[in-house]
Amino acid sequence: VGSGTMQDTQLLVELFLRHLDDDARRVLSPAEELAGRLTAMWAAGRAASPGVEVPIAEFVRFVALRIDMASFRGLELLRVEDLYLLCAYVKGLPGAAPLFEGRCLGPVTATLRRIRTDPDMLDDVKQALRHAVLLDRSIDPEHKHYAGAGSLASWLCVRAVREVGHRRDRRGRDDPFEEHSLDDLPVQDEDQELVYLKQ
């Protein structure tokens, strides 16, 4: 699907709407200038990840499948740069993995070190996160996937800290987090889960 002709534009909108759930479709199908918005989102994501080429149709489908009305506040508020990179990573596109590792898993490593996670557990948790982001919505009915409502790095950090806590509980270890160890989590917006975790 291209973006240069009226027919291509209509096909792009139809593709997007087809992959939304019923609630999201009711909200977004009447939206004016939907095609322009989708094209602008793709262009912004592409600009944020130089050298990583995601076809616009793949990106639009990816975004539609991840919209969760429980956290959705409008297309203009989605973190399109994170959704674009995640789409490229999930699809295994050239150049995506190094960017994902540095931009998204780098903060996870720093966060887990601050809460004194041993190296083996840190590596295991990061591997579990890689597997988690590769889950498609079709096998993720509880909407635990990243939906673009906040920073992807923060979303991953929250899940990493929770996973370390669960693993420590299972091992019966009394290994509390250091005071203020979560203060520097990479928040660029008001992620509700991250605020809760810090509290």
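Ranking of ASP169, ASP123, ASP82 by solvent-accessible surface, largest first: ASP169, ASP123, ASP82 (1.4 Å probe, protein heavy atoms only, all chains present). Here's the picture: a label point sits 7 Å out from the Cα of ASP8 along the beta-carbon direction, and within region 49-65 the residues with their amide nitrogen under 12 Å of it are 56-57. Looking at region 1-86, the trypsin sites (Lys or Arg not before Pro) that sit in a DSSP loop and have at most 11 other Cβ atoms within 10 Å of their own Cβ are ARG73. Of the GluC sites (Glu not before Pro) found in region 19-75, the ones in coil according to DSSP and having at most 14 other Cβ atoms within 10 Å of their Cβ are GLU32, GLU33, GLU53. If I stretch the segment between GLU33 and ARG171 completely, what's the gain in nm (0.36 nm per residue apart, minus their alpha carbon distance), one decimal? Result: 44.3 nm gained on full extension. Only protein heavy atoms count here; under a 1.4 Å probe, MET41 has an accessible surface of about 10 Å².
The values are calculated or read from the model by the stated rules, or taken from the named source; none is laboratory data. Just so we're clear, the structure is a prediction, and the values are computed from it rather than from any experiment. Here the Cβ is made from the backbone with ideal geometry for all residues, glycine too, and neighbour counts use every protein chain on show. The protein model used for the area step is the full one, side chains on, heavy atoms only, and it has no ligands, DNA or RNA in it. Shrake-Rupley method; radii C 1.70, N 1.55, O 1.52, S 1.80 Å.
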